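Peer 1: One structure, pasted below without further comment.
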Amino acid sequence: MSFEFIRRLPTPEEIKEQYPVPEKIAKIKEMRDREIADVFTGKSDKFLMIIGPCSADNEEAVLDYLERLAKVQEKIKDKILIIPRIYTNKPRTTGEGYKGMLHQPDPEKAPDMLAGLLAIRHMHIHAMEATGFTAADEMLYPDNYLYLSDVLSYVAVGARSVEDQQHRLTVSGMEVPCGMKNPTSGTLSVMMNSVVAAQSGHTFLYRGWEVKTNGNPLAHTILRGSQNKNGHTMPNYHYEDLQLLVELYGERELKNPAVIVDTNHSNSGKKFKEQLRIAKDVLHSCSCSSDIKNMVKGLMVESYIEEGNQKIGEHIYGKSITDPCLGWADTEELLYDIADRV
């Protein structure tokens, strides 16, 4: 019934000093951060594709996938800006199951948080060196954000975290875009309130310090669908949902009104192939309304080398061990198709 204190972990500062970002890579991140920010502020009309595995569980396969993405990015760079998902923290509804590389650098072995911290930092830096991509990750634990703050170019706050005060206040101190998902209940006012909080400045307790933030003008919404009281999934990517979000933004004085549409999770009912249709549906809505087009900055897609998912221990290279994902063939075709449509 009590806490067992296993060991003191290094601070983010200590980890960063031990495993620094090379100067060349830091400059690439600065450039990428500006380019991504320009999409949210409206200076750029490029379309964002936040795409990648449900969970980044194997560095070799993740780097293989990213190298494939990089080749496609070069061909569509005038229209599409890819932000790969390197998700190293996984929320678990019941607390059971694989919680991501941070907890278990080897999914088949016991949790090892120190090894996990080093593994996720190594993977992010290696990805930057190999492909020039700076990535997205979910901020599941606000206190852990600083371990990766110098390598991430995009952050998401999940449906189960978006109402949490510490998450909202931590986002207010970030310098990169952060998407606030609608909660699993689907209540859009909760999501909008989280953006208001994240765009505002605050004074609060963080990692044992009294800190002050100025607010994050790049905080925005993510529509990911919801569940009703009977547990049935309820999508919220349709034209009417997007138009409602335009109106909700209009009722609030928020900077850079923007939304990313998550094509999986409750929008697809976790039927991963539906992501292909949903992406095209969203783009059609953009073609029907300039207000929607200006607000929709991109899509979030779960994709890996092999389609579907597998159980831990099956050892199918490049296949998700959490939620099912699109395979590479569909992913490549989707990216080229979206580039033709935007």
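Peer 1: What dipole magnitude, in Debye to the nearest 20, does the chain give about its Cα centre under +1 on Lys/Arg Cβ and -1 on Asp/Glu Cβ?
Peer 2: Roughly 400 debye for the chain.
Peer 1: Let me ask something else. With a point put 7 Å past each Cα toward its Cβ, work out how far LYS71 is from THR203 in nm, to one decimal.
Peer 2: 5.5
Peer 1: Amide H neighbours of LEU81 under 5 Å, at least 5 residues apart or on other chains, H built in the peptide plane: list them.
Peer 2: Under 5 Å from the amide H of LEU81 lie the amide H atoms of PHE47, LEU48, MET49, each far enough along the sequence or on another chain.
Peer 1: Same structure again: Fully extended, how many nm does the chain gain between GLN166 and LEU244 (0.36 nm per residue separation, minus their Cα-Cα distance)?
Peer 2: Fully extending the segment from GLN166 to LEU244 adds 25.3 nm.
Peer 1: Helix-only mean residue ellipticity at 222 nm, the chain, DSSP H runs n ≥ 4 weighted -39,500 (n - 2.57), per residue, nearest 500. What is it?
Peer 2: Estimated from H runs of four or more residues: -12000 deg cm²/dmol.
Peer 1: In Å and on Cα atoms, what radius of gyration and Dmax does the range 30-137 show?
Peer 2: 15.2, 47
Peer 1: Another one. What GluC sites (Glu not before Pro) in the range 1-62 are in a loop by DSSP, with at most 12 other Cβ atoms within 10 Å of the Cβ?
Peer 2: Taking the range 1-62 and a limit of 12 other Cβ atoms within 10 Å, the loop GluC sites (Glu not before Pro) found are GLU4.
Peer 1: In nm, to one decimal, how far is the modelled label at MET234 from the one at GLU35, with both set 7 Å along Cα→Cβ?
Peer 2: 3.9
Peer 1: Also: Restricted to Cα positions, what overall size does the range 242-298 have along the principal axes? Three whole-Å values, descending.
Peer 2: 36, 21, 16
Peer 1: Still on this structure: Using a Förster distance of 41 Å, how high is the FRET efficiency between ILE312 and VAL196, based on the Cβ-Cβ distance and rounded to 0.05?
Peer 2: The computed FRET efficiency comes out at 0.55.
Peer 1: What range in the chain is the longest one free of chymotrypsin sites (Phe, Trp or Tyr not before Pro) that are in a loop by DSSP and have at most 14 other Cβ atoms within 10 angstrom?
Peer 2: By the stated rule (loop sites, at most 14 other Cβ atoms within 10 Å), 6-316.
Peer 1: Okay, moving on. Would you mind calculating the relative contact order of the chain from Cα pairs under 8 angstrom and at least 6 residues apart, reporting the percent as a whole number?
Peer 2: 16
Peer 1: I'm spelling it out carefully: the read-out is Kirkwood radius over Cα pairs in Å, the candidates are (1) 20.8; (2) 20.2; (3) 19.1, and one was derived from this structure. Which label?
Peer 2: Only one listed value fits the structure, namely (2).
Peer 1: Taking the Cα of LYS255, stepping 7 Å toward and past its beta carbon, and measuring to each backbone N in the range 162-205: which are under 14 Å?
Peer 2: Residues passing the 14 Å test: 171-178, 195-202.
Peer 1: Short version: what are the Cα gyration tensor semi-axes of the range 86-181, square root of 5 times each eigenvalue, largest first, in whole Å?
Peer 2: Result for the range 86-181: semi-axes of 20, 19, 10 Å.
Peer 1: For the range 86-203, what's the relative contact order in percent, using C-alpha pairs closer than 8 Å and at least 6 residues apart?
Peer 2: 18
No lab work stands behind these numbers, since they all come straight from the coordinates. Only a predicted model underlies this, so the values are computations on that prediction, with no experimental measurement involved. Neighbour counts run over all protein chains shown; Cβ positions are idealised from the backbone, glycine included.
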